[in-house]
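The values are calculated or read from the model by the stated rules, or taken from the named source; none is laboratory data. Every value quoted in this text rests on a predicted model; they were computed, and no experiment measured them. Here Cβ is always computed from backbone atoms with ideal geometry, including for glycine, and neighbour counts include all displayed protein chains. To get the accessible areas, we keep the full protein, side chains included, count just its heavy atoms, and leave off ligands, DNA and RNA. Shrake-Rupley method; radii C 1.70, N 1.55, O 1.52, S 1.80 Å.
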Amino acid sequence: MNIGELKHRITIQENQRVADGQGGFSSNWVELGKVWAKAVEQSPRERFYRGEEQHTQGFTFTVRQNQSFLVPNSQKSDRLRIVHRGNYFRISGISQNKYDLDFYDVNAELFGSVVT
């Protein structure tokens with residue numbers, strides 16, 4: 001991986017439960033950190049789900065292991081999202097890059113990209 005390919009600044013956030021001071025909890029998006037990434041747009045996917053046709057736009061973000069925080073594992077991916085250029089991406093999976101173990105591939109789908 002050429003380090004010059006990491007030219008997109010992304011923010012990784014986690015949905016955490018925070019005490020509201022009244023005995024209950026509320027959910028807030030908490031920033032885990034900002035990293036440089038390579039963003040590759042995947043071809044749009046189509047599927048027929050519950051009687052309607054849906055289109056989703058996928059992305060693969062390749063990030064380098066950051067020293068200030070660890071890239072979360074895929075077990076937490078349902079509580080994570082990426083913020084990039086004002087768009088929110090739902091993380092669907094995290095895996096180590098097959099060619100370089102210092103890098104991770106983060107698969108994500110653009111929120112709101114479903115067309116019914």
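For the subset of the range 6-28 comprising residues that are within 22 Å of Thr60 (Cβ to Cβ) and open to solvent by 70 Å² or more (accessible area, probe 1.4 Å), which member is farthest from the chain's Cα centre (by Cα)?
Lys7
Please tell me if Gln75 is of a type outside the set (A, V, I, L, M), open to solvent by 60 Å² or more (accessible area, probe 1.4 Å) and modelled with pLDDT of 85 or more.
no
Just a yes or no: is a residue in the range 47-68 modelled with pLDDT of 90 or more and on the phi > 0 side of the Ramachandran plot?
Within the range 47-68, not a single residue is modelled with pLDDT of 90 or more and on the phi > 0 side of the Ramachandran plot.
Out of all the residues in the range 101-111, is one or more within 17 Å of Gln13 (Cβ to Cβ), surrounded by 11 or more Cβ atoms within 10 Å (Cβ to Cβ), modelled with pLDDT under 80 and polar (S, T, N, Q)?
no
Could you grab the pairs with beta carbons closer than 8 Å, sequence gap of 6+ or different chains, first residue in the range 22-33 and at positive phi, second one part of a loop (DSSP other than H, G, I, E, B)?
Gly33/Asn66; Gly33/Ser68; Gly33/Phe69
Against the conditions (1) open to solvent by 50 Å² or more (accessible area, probe 1.4 Å); (2) at pLDDT below 80, where does Lys38 fall short? Just the number, please.
The one condition Lys38 does not meet is (2).
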